[in-house]
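What follows is a short report on a single structure.
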Amino acid sequence: MSESRTGGATDTRMDIHQILDYLPHRFPILLVDRVLEVVPGERIIALKNVSVNEPFFPGHYPHHPVMPGVLIVEAMAQTAAILSFKTMDSKPDDKSVYYFVGIDNARFKKPVGPGDQLVIEVVLKANKRGIWKFSAVAKVDDQIVAEGDLICAVRPTP
């Protein structure tokens, strides 16, 4: 393990096989391809490679393909979920569900299209009684394309 900028230990990178252990999502809604860095209890940096083969592009929009903003937000929420599970030192199971319950201050700065690589940075702001709060930023080529404050919750399976 290497040292992070804040002095804590940095967990290893995660490939798609490891990500699949930490997210219950699967194609076509799995929106995290790689984790570059995760510091449990602090932050995570992940990638989403945007391909022309994404299932939403034929309908959004055929003449000018744009990744839907709601899917960029979902990619940020999935990245936050990985950070939460790494922080809890656990993996998803059938006894609980990790819900994305809200977003505040959402802003979309630039469209995202085929060939772009989203770099998603999520910082843990608070965790109290199963409610997680994060700040999230998605960038393409070091330019912010989307940002927001995410709220997630872990609840027992109904």
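The values are calculated or read from the model by the stated rules, or taken from the named source; none is laboratory data. Only a predicted model underlies this, so the values are computations on that prediction, with no experimental measurement involved. Backbone-built Cβ (ideal geometry, glycine too); neighbour counts: all protein chains shown.
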Problem set entry | From the options Val52, Val38, residue that is in contact (Cβ under 8 Å) with a residue 40 or more places away in the chain, more than 17 Å from Glu147 (Cα to Cα) and touching an Asp or Glu at 6+ places or on another chain (Cβ under 9 Å) | Val38
Exercise. Among the residues of the range 60-71, is there at least one that is modelled with pLDDT under 95 and either within 18 Å of the chain's Cα centre (by Cα) or aromatic (Phe, Trp, Tyr) (or both)?
Worked result: yes
Problem set entry | Which listed residue, of Val112, Val73, Val97, Val122, is in a loop (DSSP other than H, G, I, E, B) and surrounded by 14 or more Cβ atoms within 10 Å (Cβ to Cβ) | Val112
For this session: Among the numbered conditions (1) of a type in the set (D, E, K, R); (2) surrounded by fewer than 19 Cβ atoms within 10 Å (Cβ to Cβ); (3) under 15 Å from Leu23 (Cβ atoms), tell me where Lys48 comes up short.
Result: (2)
For this session: With the checklist (1) under 25 Å from Asp15 (Cα atoms); (2) more than 18 Å from the chain's Cα centre (by Cα); (3) at pLDDT 95 or above in hand, flag the one item Ala77 doesn't pass.
Result: (2)
Seminar exercise, completed: Restricting attention to the range 26-35, the residues that are in contact (Cβ under 8 Å) with a residue 40 or more places away in the chain, crowded, with 16+ Cβ neighbours inside 10 Å and part of a loop (DSSP other than H, G, I, E, B) number exactly 3
Exercise. Using beta carbons and a limit of 6 Å, which pairs, at least six apart or on different chains, have the first residue in the range 138-154 and surrounded by fewer than 21 Cβ atoms within 10 Å (Cβ to Cβ) and the second one of a type in the set (Ser, Thr, Tyr)?
Worked result: Asp149/Ser135; Ala153/Tyr99; Val154/Ser96; Val154/Tyr98
For this session: From (1) under 16 Å from the mean Cα position of the chain (by Cα); (2) closer than 18 Å to Arg34 by Cα, pick out the condition that doesn't hold for Tyr98.
Result: (2)
For this session: For Asn105, state whether it is at pLDDT 95 or above and more than 24 Å from Leu36 (Cα to Cα).
Result: yes
For this session: Would you be able to tell me the number of residues in the range 125-145 that are outside any strand (DSSP E or B) and over 29 Å from Met88 (Cα atoms)?
Result: 2
Seminar exercise, completed: For the range 5-22, the count of residues that are under 18 Å from Ala80 (Cα atoms) and either of a type in the set (Ser, Thr, Tyr) or modelled with pLDDT under 95 (or both) equals 4
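Residue by residue through the range 115-158, note down the ones that are of a type in the set (A, V, I, L, M) and in contact with a Phe, Trp or Tyr (Cβ under 8 Å, 6 or more places away or on another chain).
Result: Val122, Val123, Leu124, Ala126, Val145, Ala146, Leu150, Ile151, Ala153, Val154.
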Exercise. For Val39, all conditions in the list (1) of a type outside the set (Ser, Thr, Tyr); (2) at pLDDT below 95; (3) in contact with a helix residue (DSSP H, G or I) (Cβ under 9 Å, 6 or more places away or on another chain) hold save one; what is the number of the exception?
Worked result: (2)
